[in-house]
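Participant: The following block contains the structure, expressed as structure tokens.
The values are calculated or read from the model by the stated rules, or taken from the named source; none is laboratory data. Computed from a predicted model, the values in this text were never measured in an experiment. Cβ placement follows ideal geometry from the backbone for every residue including glycine, while neighbour counts extend to all protein chains displayed.
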Amino acid sequence: MKLDRRTFLTASLGLAAGTSTTALLNRPKYHVTRRQPRSRVAILGAESYSHKLESILQYGLGLFHLDVRGKTVLLKPNLVDYISGNHINTHPLLVSAAVQCFRRLGAKSVLVGEGPGHQRDTELVLLESAFSEALRQVKAPFVDLNRDELAITPLLAGYTGMKRLWLPRTVLEADFVVSMPKVKTHHWSGVTLSMKNMFGVVPGAKYGWPKNILHWKGIQESILDLCATVPVHFVIADAIVAMEGNGPLNGHPRPLNRIVLADDPVAADATCARLMGFDPTRITHIRIGAQFLGNASIERIDQIAEAVCAPANPFEVVPEFQPLRVKGSAQRDS
Amino acid sequence: MPETVSWVVPTAYSILALKHSRGISQQNLVHLRIRRGVEMLYDRICPEGGWNAGNGVVYGFPLAPHADATALALLSLLSEPPNHFITSSLDWLEQRAETCFAPWSFAWTILALDAFGLPTALLTDRLSSVVDPAEVNDCGTLAVVSLAFGRAAGDNAFRVAHET
């Protein structure tokens, strides 16, 4: 059977309000509420991938007054595949800078973990994207989440209809999970940001590549169930060179010269969507996530560094996601 | 299979298993499934040869092949009549071998090239220089690296299975 993209999109593209799919998604199906009254986001300028990132990040983390002393911090970058010249993955310099910063904040240990969703050979991605060398330089351990020890875990939301998933112990036992997405468009989910990035914790050795069960159950639904079950405590998004068009692998680089920090994944993703020129309320997992996982509304997000500045030209997307784009500069939030 | 989608590597594994199966009563059904799998692999081939995880072209954009998927697909096609899909994929894999240093992909590459009778002695030497089995944490990688080293002793599990 050839995979029909429209099968995915019917479930994942909640653009046509009032459709049965959207109506089903809109029914509350969560058993946990992580939404705080307000969320904080810091957009910080970063001109390029350089060793200056560490000082920028250190400054940004200081704005949040995080207490990670004695905690095990898991950094979860987005490593999907390596294609020379394509800005697919979270840049290794940003990840190694985060390792150093969290150590400086007193973390007991800082791990880097990822289970690439497209490329089975995790070591190949690490080697060819220069991650191995970057992590070696800061002596940071890497855990291949595709092949980690697993524990059966009840899901704390029921959008997929699944009751439980096998998840990596490294993720379940971490005290403080930091999602570090690459800001990209995605031809099946519209965007891939801090929430979609959590697909990488689902073990390929159990569920296949590219995490087949999640695609079959619905991408938007799976994002919601995963983020309900594995709390994202903090976000550091790589928007220095983002990706537009046919992401997450074959889009075009789109420099935004920013990193985005947040204490709430929904607020982070809503802000990143706005930086991309998208209306976050038209992205299903952000809109539904704002009911229980965090805040998407501008009124509930404190921008504690730069203000959100939507681009004059929204990011390019594949045809199915054209409705995400907000033309002109006058974005209104619902 | 219901609620699954057909990707290259699971298909290749399935073809390998079915081709090497013995004593199965429903041989016609097995043959049919093998043909369906082989057709699917040919359908998904990348324009330059080799295989990615699934489709070779998405939104009109050609995808780059993966070494491990290509090697596994080729091994599953070992008994198929020679054709341009196989030839172009072998060409691509030989080129990729020059820059591949990751043990899993590299070992599969060696096994596939060797199974098709292509020279791999230098590649196996390089594998032994880049892989310290004591540092390989993953059992799957360790197993395929061991198979690739076994090839150096003239013992390619896939070629033997094909010839018997």
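Participant: Report every pair of residues separated by at least 6 positions or lying on different chains whose Cβ atoms are under 7 Å apart, first residue within the stretch B:57-82 and touching a residue at least 40 places away in the same chain (Cβ under 8 Å), second acidic (D, E).
Facilitator: If the second residue must be acidic (D, E), the pairs left are B:D68/A:D121.
Participant: Also, quick follow-up: Checking the structure you have, find out if any residue of the stretch B:13-25 is within 14 Å of chain A (Cβ to nearest Cβ), of a type in the set (A, V, I, L, M), buried (at least 20 other Cβ atoms within 10 Å of the Cβ) and not in a strand (DSSP E or B).
Facilitator: Looking through the stretch B:13-25, none of the residues is within 14 Å of chain A (Cβ to nearest Cβ), of a type in the set (A, V, I, L, M), buried (at least 20 other Cβ atoms within 10 Å of the Cβ) and not in a strand (DSSP E or B).
Participant: Let me ask another. For the subset of the stretch A:230-269 comprising residues that are in a loop (DSSP other than H, G, I, E, B) and in contact with a Gly (Cβ under 8 Å, 6 or more places away or on another chain), which member is farthest from A:E320 (Cα to Cα)? Before you say what the answer is, go through the steps one by one.
Facilitator: Keep residues of the stretch A:230-269 that are in a loop (DSSP other than H, G, I, E, B), which gives A:230-233, A:245-251, A:263-264.
The next check asks that each one be in contact with a Gly (Cβ under 8 Å, 6 or more places away or on another chain); those that pass are A:245, A:251, A:264.
Numbers: A:G245: 11, A:G251: 15, A:D264: 28 Å.
My answer is A:D264.
Participant: So, A:L167, is that one out of contact with any helix residue (DSSP H, G or I) (no Cβ under 8 Å at 6 or more places or on another chain) and away from chain B (no Cβ under 12 Å) or not? It would help to see each step written out before you state the result.
Facilitator: Numbers: out of contact with any helix residue (DSSP H, G or I) (no Cβ under 8 Å at 6 or more places or on another chain): no; away from chain B (no Cβ under 12 Å): yes.
Against the criterion (out of contact with any helix residue (DSSP H, G or I) (no Cβ under 8 Å at 6 or more places or on another chain) and away from chain B (no Cβ under 12 Å)), A:L167 does not qualify.
Participant: Something else: For the stretch A:12-49, give me each residue that is outside any loop (DSSP other than H, G, I, E, B), of a type in the set (S, T, Y) and modelled with pLDDT under 95. Give the derivation first.
Facilitator: Step one: of the stretch A:12-49, the residues outside any loop (DSSP other than H, G, I, E, B) are A:12, A:20-26, A:30, A:39-45.
Those left that are additionally of a type in the set (S, T, Y): A:12, A:20-22, A:30, A:39.
Correct list: A:S12, A:S20, A:T21, A:T22, A:Y30.
Participant: Collect the residues in the stretch A:50-84 that are of a type in the set (S, T, N, Q) and within 14 Å of chain B (Cβ to nearest Cβ), keeping them in residue-number order.
Facilitator: Result: A:S84, single match.
Participant: Do you know which residues across the stretch A:275-289 are surrounded by fewer than 24 Cβ atoms within 10 Å (Cβ to Cβ) and within 17 Å of A:L44 (Cα to Cα)?
Facilitator: Once the filter is applied, which keeps residues that are surrounded by fewer than 24 Cβ atoms within 10 Å (Cβ to Cβ) and within 17 Å of A:L44 (Cα to Cα), the stretch A:275-289 yields only A:L275.
Participant: Which of the helices (runs of 4 or more DSSP H) contained wholly in the stretch B:46-164 include at least 1 residues that are closer than 22 Å to A:E128 by Cα and modelled with pLDDT of 90 or more?
Facilitator: Counting at least 1 such residues, we get B:67-76, B:84-97, B:103-115, B:121-130, B:139-152.
Participant: Out of the residues in the stretch A:85-110 that are within 14 Å of chain B (Cβ to nearest Cβ) and out of contact with any Lys or Arg (no Cβ under 9 Å at 6 or more places or on another chain), state the one that is nearest to A:S179 (Cα to Cα).
Facilitator: A:N86
Participant: Here are some residues: B:G54, B:G50. Which one is within 22 Å of A:I88 (Cβ to Cβ), surrounded by 15 or more Cβ atoms within 10 Å (Cβ to Cβ), of a type outside the set (A, V, I, L, M, F, W, C) and at the interface with another protein chain (Cβ under 8 Å from one of its Cβ atoms)?
Facilitator: Matching residue, one of B:G54, B:G50: B:G54.
Participant: A further question follows. Of all residues in the stretch A:121-157, which are part of a loop (DSSP other than H, G, I, E, B), crowded, with 22+ Cβ neighbours inside 10 Å and under 20 Å from the mean Cα position of the chain (by Cα)?
Facilitator: Taking the stretch A:121-157 as the starting set, the residues that turn out to be part of a loop (DSSP other than H, G, I, E, B) are A:121, A:129-130, A:138-141, A:145-149, A:155-156.
Remaining after also requiring crowded, with 22+ Cβ neighbours inside 10 Å: A:121, A:129, A:145-146, A:155.
A:S129, A:L145, A:N146, A:L155, listed by residue number.
Participant: Moving on. Checking the structure you have, find out if any residue of the stretch A:158-180 is at pLDDT below 95 and crowded, with 20+ Cβ neighbours inside 10 Å.
Facilitator: Checked the stretch A:158-180: no residue is at pLDDT below 95 and crowded, with 20+ Cβ neighbours inside 10 Å.
Participant: Please work out which one of (1) away from chain A (no Cβ under 13 Å); (2) modelled with pLDDT of 90 or more is the condition B:V8 fails and give its number.
Facilitator: (1)
Participant: Within the stretch A:134-144, does at least one residue satisfy the condition of being facing chain B (nearest Cβ under 9 Å) and of a type outside the set (K, R)?
Facilitator: Among the residues of the stretch A:134-144, at least one is facing chain B (nearest Cβ under 9 Å) and of a type outside the set (K, R), which makes the answer yes.
Participant: Select from the stretch A:212-250 the residues that are within 14 Å of chain B (Cβ to nearest Cβ) and within 22 Å of A:V112 (Cα to Cα) and write down the one among them that is farthest from the chain's Cα centre (by Cα).
Facilitator: Of everything passing the filter in the stretch A:212-250, A:L249 is farthest from the chain's Cα centre (by Cα).
Participant: Could you count how many residues in the stretch A:69-89 are in a loop (DSSP other than H, G, I, E, B), buried (at least 21 other Cβ atoms within 10 Å of the Cβ) and out of contact with any Asp or Glu (no Cβ under 7 Å at 6 or more places or on another chain)?
Facilitator: Looking only at that region, the number is 5.
Participant: Of A:L193, A:L275, A:L249, which residue is hydrophobic (A, V, I, L, M, F, W, C) and more than 19 Å from A:S297 (Cα to Cα)?
Facilitator: Answer to the selection: A:L249.
Per-residue answers, yes or no, for (1) more than 14 Å from chain A (Cβ to nearest Cβ); (2) surrounded by fewer than 18 Cβ atoms within 10 Å (Cβ to Cβ):
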| residue | (1), (2) |
| --- | --- |
| B:A102 | no, no |
| B:T109 | no, no |
| B:A115 | yes, no |
| B:N137 | no, yes |
| B:S146 | yes, yes |
| B:F149 | yes, yes |
| B:G154 | yes, yes |
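Participant: Considering each of A:V191, A:V177, A:V202, A:V171 in turn, give the residue that is among the hydrophobic types (A, V, I, L, M, F, W, C) and in contact with a Pro (Cβ under 7 Å, 6 or more places away or on another chain).
Facilitator: The conditions single out A:V177.
Participant: Tell me, yes or no, whether the stretch A:251-274 has at least one residue that is basic (K, R) and either free of Cβ contacts under 8 Å to residues at least 24 places away in the same chain or within 14 Å of chain B (Cβ to nearest Cβ) (or both).
Facilitator: No.
Participant: Here is a check on your reading of the model: is B:E98 under 14 Å from the mean Cα position of the chain (by Cα), more than 13 Å from chain A (Cβ to nearest Cβ) and surrounded by fewer than 21 Cβ atoms within 10 Å (Cβ to Cβ)?
Facilitator: no
Participant: Let me ask something additional. Counting just the residues of the stretch B:61-81 that are more than 9 Å from chain A (Cβ to nearest Cβ) and of a type in the set (G, A, S), which one comes out nearest to B:E94 (Cα to Cα)?
Facilitator: Result: B:A71.
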